[in-house]
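Let me give you the structure first, and then I'll get to my questions.
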Amino acid sequence: MAGKNERQRRQAREKHRRQQEQRLVRQRQVRRRWAIGTLAVLVAAGVGTLLLIFLPGGSAKKASASASKSPSASPTATATAVAEPAHHCSYTSATPVAKKVSVPPATPDYTDSYQATINTNQGKITFNLLNNKATCTVSSFVHLAEAGYFNNTQCHRLLTSGIYVLQCGDPYATASAKLNCSTTSKIGTGTPGYDFASENLTGAKYPAGTVAMANEGSASTNGSQFFIVYKDSTSGLTASYTPFATVSSGLGIVQNVAKGGYSCQYAQAGGGVPKKKVIIDGVTIKKT
């Protein structure tokens, strides 16, 4: 009997240890993935402050993605290394995979022009995609939209001070989920199973209406998460997030959501869950 009790105690200790390790891994992913890293210069105080903005669930951004490696576009770690429009794209595996999809084609349609309509419960938001400046990013976004990747998801993070953005694109934030700001939540860490490099960063600015990719803090960690700038954030964001579209209509919807503020605050990332829920029913892509 004593031997059995000892085994049970060992098993209980081992189970607790594994749970602690898993919790630490999730917390590291959240800190890493919520990073919309930004240099904010406090002019009044004359002090430069480095702000790391994490996107809900793991990266101000984006999320890393993890699908099988496959040849595709080749924007390297720095935007200047790729001549745009890109003729080839490279996508590498990433995790955690929020929703499994195939990898975009290695050869993008770099001569086409696209318009995306985000159909939400608050109304339609339309983007003009910058295919001639961020070809591989646009190719991925179009691929995910046509695969239904964004369907029935929520925009999970709102920033209302210094940086003014609404972040979306993580299927972990399902339409029916009751979002909170727990650091153990997967929301904000989701990826489509692949990562790709940044583009269009030279001289990048983030005025109202910019749509850009969230990332994990490095140029090769773009996935599916993106953010919509509803008020000029050029002074708050460094040129580290690929601008791949501009809002042509519906920006007022995002601005109204921002006016409502957020219900809870992400302790490690900044911002919080929008009080006014934004559910993406689907994304329609049209060649223009």
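Working only within the range 177-191, note down all residues that are part of a loop (DSSP other than H, G, I, E, B), crowded, with 24+ Cβ neighbours inside 10 Å and of a type in the set (Val, Ile, Thr).
Those that are part of a loop (DSSP other than H, G, I, E, B), crowded, with 24+ Cβ neighbours inside 10 Å and of a type in the set (Val, Ile, Thr): 187, 189.
Tell me, which residue of the range 192-217 that is on the phi > 0 side of the Ramachandran plot and open to solvent by 10 Å² or more (accessible area, probe 1.4 Å) is modelled with the lowest pLDDT?
Filtering first and then ranking leaves 217.
Just the residues that are in a loop (DSSP other than H, G, I, E, B) and either under 24 Å from residue 149 (Cβ atoms) or under 9 Å from the mean Cα position of the chain (by Cα) (or both), please, taken from the range 207-217.
Of everything in the range 207-217, those that are in a loop (DSSP other than H, G, I, E, B) and either under 24 Å from residue 149 (Cβ atoms) or under 9 Å from the mean Cα position of the chain (by Cα) (or both) turn out to be 209, 214, 215, 216, 217.
Of all residues in the range 218-236, how many are of a type outside the set (Phe, Trp, Tyr), open to solvent by 10 Å² or more (accessible area, probe 1.4 Å) and more than 11 Å from the chain's Cα centre (by Cα)?
Total meeting the criteria: 7.
From the list 224, 220, 263, 233, exactly one residue is assigned to a loop (DSSP other than H, G, I, E, B) and modelled with pLDDT under 95. Which is it?
So the residue among 224, 220, 263, 233 that is assigned to a loop (DSSP other than H, G, I, E, B) and modelled with pLDDT under 95 is 220.
Tell me which residues, restricted to the range 141-167, are closer than 18 Å to residue 210 by Cβ and within 13 Å of the chain's Cα centre (by Cα).
141, 155, 157, 158, 165, 166, 167
Can you tell me how many residues within the range 85-107 are touching a helix residue (DSSP H, G or I) at 6+ places or on another chain (Cβ under 6 Å) and modelled with pLDDT under 95?
Residues in the range 85-107 being touching a helix residue (DSSP H, G or I) at 6+ places or on another chain (Cβ under 6 Å) and modelled with pLDDT under 95: 2 in total.
The values are calculated or read from the model by the stated rules, or taken from the named source; none is laboratory data. Keep in mind the model is a prediction, meaning the values are calculated, not measured. Quick reminder, even Gly has a Cβ in these numbers, built from the backbone with ideal geometry, and neighbours come from all protein chains shown. Note: areas computed on protein heavy atoms with side chains; ligands, DNA, RNA excluded. Shrake-Rupley method; radii C 1.70, N 1.55, O 1.52, S 1.80 Å.
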